[in-house]
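**Student:** Okay, here's the structure, questions in a sec.
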Amino acid sequence: MFHKSENAQLLYTTHNTHLLNMHRIRRDQVCFVNKRRDGSSDLYSLYDYKDFRDTMDLEKAYLQGRFDALPYILNQND
């Protein structure tokens, strides 16, 4: 529905990395947020990463820290 409409817009945030799937979304539809030490945040698009190809595994690349929006995952012992 949203891909077919020229006027619809859907914005959501998630921590679910399984949604990072290039078969369902385009690279211009993915943004990352990186929080700085001073509490401010940077927002940038996957589209800005020209070396990323649509055939690559986006979820895997994100979890490897390729997009600077490093996932911070706490262990039970932390």
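**Student:** Can you go through N34, N7 and tell me which one is in a loop (DSSP other than H, G, I, E, B) and out of contact with any helix residue (DSSP H, G or I) (no Cβ under 8 Å at 6 or more places or on another chain)?
**Tutor:** None of the other options fit; the residue is N7.
**Student:** Another question about this same structure. Mind listing just one residue for me: the one in region 5-18 that is among the hydroxyl-bearing types (S, T, Y) and without any contact (Cβ under 8 Å) to a residue 24 or more places away in the chain and, of those, least open to solvent (accessible area, probe 1.4 Å)?
**Tutor:** S5
**Student:** Taking region 19-42 only, how many residues are open to solvent by 100 Å² or more (accessible area, probe 1.4 Å) and either under 10 Å from the mean Cα position of the chain (by Cα) or modelled with pLDDT under 90 (or both)?
**Tutor:** Here the count works out to 6.
**Student:** Within the set of pairs 6 or more residues apart or between chains, which connect a residue that is free of Cβ contacts under 8 Å to residues at least 60 places away in the same chain and of a type in the set (D, E) inside region 27-51 to a residue that is surrounded by 14 or more Cβ atoms within 10 Å (Cβ to Cβ) and not in a loop (DSSP other than H, G, I, E, B) with Cβ atoms less than 8 Å apart?
**Tutor:** Cβ pairs passing all conditions: D28/L46.
**Student:** Open to solvent by less than 70 Å² (accessible area, probe 1.4 Å), among the β-branched types (V, I, T) and at pLDDT below 90, is that true of T55?
**Tutor:** no
The values are calculated or read from the model by the stated rules, or taken from the named source; none is laboratory data. Values in this document were obtained by computation on a predicted structure and should not be read as measured data. Reconstructed Cβ throughout: ideal geometry from the backbone, glycine too, with neighbour counts over all protein chains shown. These accessible areas exclude ligands, DNA and RNA; they are computed on the full protein's heavy atoms, side chains included. Shrake-Rupley method; radii C 1.70, N 1.55, O 1.52, S 1.80 Å.
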